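What follows is a short report on a single structure.
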Amino acid sequence: MYKLKEFLESISNEFKTGLSIALALLIIFSLGNIAGSVTNINATPVSSNEEVVEDVAPEAEAPATEAPETQAPVTQAPVTQAPASDTPAAPAPDAAPEAQAPAAPSTGAPATTGEIIALFNESANKIKTTATKATRNYQNMQVTKMELPSAMKALADSLMSKFLKPDMTPLEWTGADIAEKYPVGGTDFVSKLTEADVASATCNDNGAEYEITINLNSDEDPVYKSGEGVNSVFWVVNKDDIANNVPGLESSKLVYHDCVVIAKIDKATGNMTYAKYNFNFDFDLVVKIFGNVFATINVEEEYAIAY
């Protein structure tokens, strides 16, 4: 977000041409200082293998040939009762320690969605108060779908190739820059997640650290710096930025979906040492003269945090 003004100034000539759709794309790409490349994604259906059914048929006939053996153990009275009474007693003590074995490593490990979110929030928010350095290892973006009026495609491709480049060079922040630029940038929080924001959450105990994976619910038109919905943990594009900078804008809709955050937390200190953000958003704009423009954008960022 902090690069928006600089970015708009750098393409002021394009603004003067009134080519609003291409600019709308670039405004959105510039928010959060995103960099990436345009790609096309094709989904091919996977066919199922039906040969498994043929393997089951011959195995079903095998137990039929064992029918004569079932008549042999006619001596059921004394013999079958003795081993039957000993059998349930033996597995009972063995089952007890096996059930406790997986439960033992969960010493304080969060299990419910609420517990996982609470641990994530507490650890994430320490980044802006106690971390000495935050490194963005890379930031990558892909336009997975784009629909433009044919008259705008050439200009849009030209502008995107000029301004949108993969940014795989590590970027380090220290001091006040951590609080200002680490997601959610420009706020005093890293996460305000609630159970209502989360579709699913898991926590794996990896020995010295917890690895948490959180999948968020979809969110339409989230408000930047609100700390609600997707913006409770991701930066988001503000509709006001589009409305104020795209001449002739008639309507806009932004939908965030398939948003995932993965974090590693040191068990001894409670510090979050690693985070990866991956999210998708659709934006649908209607602009006078040019008509409708639609795009789906995927963004991925990876961070390492030191204390």
- Item | Cα convex hull volume per residue for the stretch 114-204 (Å³) | 169
- Can you check what the Kirkwood hydrodynamic radius comes to for the stretch 120-159, Cα pairs only, in Å to one decimal? 14.4
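Give the Rg/Rh ratio for the stretch 173-307, taking Rg as the radius of gyration of the Cα atoms and Rh as the Kirkwood radius, to two decimals.
We get a ratio of 1.04 for the stretch 173-307.
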- Query: So what's the stretch 248-307 giving for Cα Rg divided by 2.2 N^0.38 Å, two decimals?
  - Reply: 1.73
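Quick note: the coordinates plus some simple rules give every number you see, no bench work behind them. Not measured: the values here are computed from a predicted model.
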